[in-house]
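Here is the structure we will look at, set down as structure tokens.
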Amino acid sequence: MGNSKSTVAVIARKEYRDSIKSKLFLTLVSFLILLIVVSIVVSSFDFKSQVADYRSSVKILEDMGKSSEIPSMPQFFPLKSMRGVIEYIEIIGAIIGIILGYLSISREKGKRTLQLVLSRPIKTADIITGKFIGNSFLVLLVLLAGLFSAFFIIWGIGGLLLNIIEVIKLLLVFLFSYFYIMFFFCLSSILSLWFKSLSNALIICFIIWLIFVLIIPQIGDTMDPDNQIPGGFFKSMNIDKPQEEEIMAKFSTYETTRNAIEESSITKHYERLNFAITGIKEKYNGKDLRFIFKDSWKDLVWVFSFLLAAYFMEYAVLSNKRLIFYGD
Amino acid sequence: MWKKILSVSRNEFRALFKEKTFILLLIIFILMTIFSTYIGWSTKNTIEKVYQETVIKLKESGASGIPLDTFLIAPALSILKNMIVYIFLIGSLLAIIIGHFSFMRDRIAGISKIVFSRTISRKEFITGKITGIFNVLALIISVSFIISYVSIILVTGHPLSGNETIKLLIFYLISLAYLIIFAMLGLFFAISSRSESLALVNPIIIWIIISFVLPQLTSALNPSALLNPVSIQGVAPHSRFFTIIQEVIKPFSLSENYKELGSSLLGVGPINTNTLQIIINNSAGILLILSLIGLLIYGSIFSMKKFDVCEEEVDG
């Protein structure tokens, strides 16, 4: 057992050192951090502009003597400004996972060290766990950098210091982001192990990424009847939420199909889960975690199941010595 | 000279259709072209019925001033609205891969080291590659055009008018130009990058900047909203900050210019029946697309001139 632990630690340390030196990884990480910063800065400035516009409207109304017509001031929910961040993690975070998985296997394949390691008395599970842990450190480091950036930008530009509940929610978002990114890490490792040509493995992985991350959510979104008019169909018809639900109940087959399409993607589960936690989905805004998880636990189970399935699949592929040694 | 260029171009065309990953992505693109019409048609039918149900509900509650049914008068081409998104998502990624494979295949096989020992210049070689890429993309777009044309007739039950056919044709020509930009981007990085994976990831990063980052800066729309042709239509800067940024960045935002032009041609959003007027209104966007094609072709030829034919094996 002691040996197994030290083997895992050695592999994890090696993985960490190798990946952190990779130009490709560093390029992607810098890009993601930049996008996180841009995204929150944009929404913070957007809010500041809205407040400035509101104040000038109030002044005009007051000068006109119409104080009774002053609308309520726009409210800033700091976690809601995380929407862009969550969506960028969906896209770029997944690519970071793919590149880490690809690099992890391509290095070994290129130097033929994988065959060498497998010919030694090292368990397949130790190799997989070592690689997983080493890359987990990197992903967590990247996400931590993102978390700090988000926290300080919301504080610095938005002028709001997150309370303890909001910090916990932010930490949960980053924990689920870690699950999500590591799924793509495992997927990319599987394909890089499976395919003889690493270039083909990377392209197939990008195709799967395209389907999961962009195409499936896009189909679900554009099929939504409420999205057929800018600003929302039901809003344009002055229909409230209960009436909308009553109408849509008559289109249950269509809605079930649309929902099934969306649910086949890990990205959609990840998005639903984090949109609930951050209150981007209005129903959960300002609610406690118990209320949120009462509805969202299924999405959490889905995200975790995708990761677990990919992890065990990677183990199964690496256990197939014939595939690793002869590439067929 | 032209004989050599044509020979490289023909070889490029054949080699691409032997790549399994290219074929896979091509199949996805063709399938999405077929599904695009079906999704558009199914959504249009459903929203029609939802509208009728909503009207009944409003009448029951005694509401007056019920908004008109705008879905009924939507142009036939509007059911293809998802094609705008599929071209800018799948098509452009497919184009990057075509451009990437085009030169990377030769670098990995070591052909780029020996080919210039024959009587072919670098300019002839790269011109042949670019011509081959153009031909492949033109074929894909032609197939996509035919599928859209036939499927829309099958779904709506009546043929497209001359004006609608011209609009659809122009939409696909603009789409071809849009895809050429990304193919040239893939080719440029395949020539100039030292590592195979960086040569693939760099154009994908640029694709993300073009597709998501620039539009977010000009409209504050988040990435997922940018994948819905209807939300794109509804964008209007809602603060001074975005009005200023939009004025500065939008003329250079490639994907937004393409999506606006595509939406106008397919009749998503405000309906404009005058095709020439649409072209004139979007002339700046067309100019941007053409300028980028020129710039990237020049960049590819320039990097080919600088390419080190004595390089050691390309890194992974």
Within the range A:212-227, considering residues that are within 10 Å of chain B (Cβ to nearest Cβ) and of a type in the set (A, V, I, L, M), the one farthest from A:I92 (Cα to Cα): A:M223
Enumeration of residues in the range A:17-45 that are surrounded by fewer than 19 Cβ atoms within 10 Å (Cβ to Cβ), farther than 16 Å from A:I86 by Cα and within 12 Å of chain B (Cβ to nearest Cβ): A:K23, A:L26, A:T27, A:S30, A:F45
Which listed residue, of A:E262, A:E271, A:E255, is more than 22 Å from A:V303 (Cβ to Cβ), modelled with pLDDT of 85 or more, in a helix (DSSP H, G or I) and not aliphatic (A, V, I, L, M): A:E255
Residue, nearest to A:L187 (Cα to Cα), within the range A:233-291, restricted to residues that are within 11 Å of chain B (Cβ to nearest Cβ) and of a type in the set (G, A, S): A:A249
Filter result for A:P78 (more than 10 Å from every other protein chain (Cβ to nearest Cβ) and modelled with pLDDT of 75 or more): yes
Lone unmet requirement of (1) under 21 Å from B:I297 (Cα atoms); (2) at pLDDT below 80 for B:R194: (2)
The range B:57-67 - residue that is modelled with pLDDT of 75 or more and either in contact with a Cys (Cβ under 8 Å, 6 or more places away or on another chain) or more than 9 Å from every other protein chain (Cβ to nearest Cβ) (or both) and, of those, nearest to B:L266 (Cα to Cα): B:K59
Of all residues in the range A:188-211 being over 18 Å from B:S92 (Cβ atoms) and among the aromatic types (F, W, Y), the one that is nearest to the other protein chains (Cβ to nearest Cβ): A:F195
Residue within the range A:258-274 that is over 30 Å from A:I128 (Cα atoms), among the polar types (S, T, N, Q) and surrounded by fewer than 21 Cβ atoms within 10 Å (Cβ to Cβ) present: yes
Criterion violated by B:I73 - all others in (1) among the aliphatic types (A, V, I, L, M); (2) surrounded by 16 or more Cβ atoms within 10 Å (Cβ to Cβ); (3) more than 10 Å from every other protein chain (Cβ to nearest Cβ) satisfied: (2)
Enumerated helices (runs of 4 or more DSSP H) restricted to the range B:201-277, each holding at least 2 residues that are modelled with pLDDT of 85 or more, more than 9 Å from chain A (Cβ to nearest Cβ) and crowded, with 18+ Cβ neighbours inside 10 Å: B:254-266
Filter result (modelled with pLDDT of 80 or more and out of contact with any Asp or Glu (no Cβ under 6 Å at 6 or more places or on another chain)) within the range A:1-18: A:S6, A:A9, A:V10, A:I11, A:A12, A:R13, A:K14, A:E15, A:Y16, A:R17, A:D18
Filter result for B:I180 (buried (at least 23 other Cβ atoms within 10 Å of the Cβ), under 26 Å from B:E260 (Cα atoms) and either facing chain A (nearest Cβ under 9 Å) or of a type in the set (A, V, I, L, M, F, W, C) (or both)): yes
Close pairs from the range B:79-97: first at pLDDT 85 or above, partner assigned to a helix (DSSP H, G or I) and among the basic types (K, R), Cβ under 6 Å, at least 6 apart: B:I79/B:K44; B:I84/B:K259
Test for B:A15: is it among the small types (G, A, S), within 24 Å of B:F189 (Cα to Cα), more than 8 Å from chain A (Cβ to nearest Cβ) and surrounded by fewer than 20 Cβ atoms within 10 Å (Cβ to Cβ): yes
Criterion: under 30 Å from A:L172 (Cα atoms), of a type in the set (A, V, I, L, M, F, W, C) and in contact (Cβ under 8 Å) with a residue 12 or more places away in the chain - qualifying residue of A:I207, A:I219: A:I219
Residues of the range A:109-168 that turn out to be among the hydroxyl-bearing types (S, T, Y) and under 30 Å from A:V41 (Cα atoms), as a count: 2
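The values are calculated or read from the model by the stated rules, or taken from the named source; none is laboratory data. Keep in mind it's a predicted model, so treat the numbers as computed, not measured. In this analysis, Cβ positions are derived from the backbone assuming ideal geometry, glycine residues included, and neighbour counts consider all displayed protein chains.
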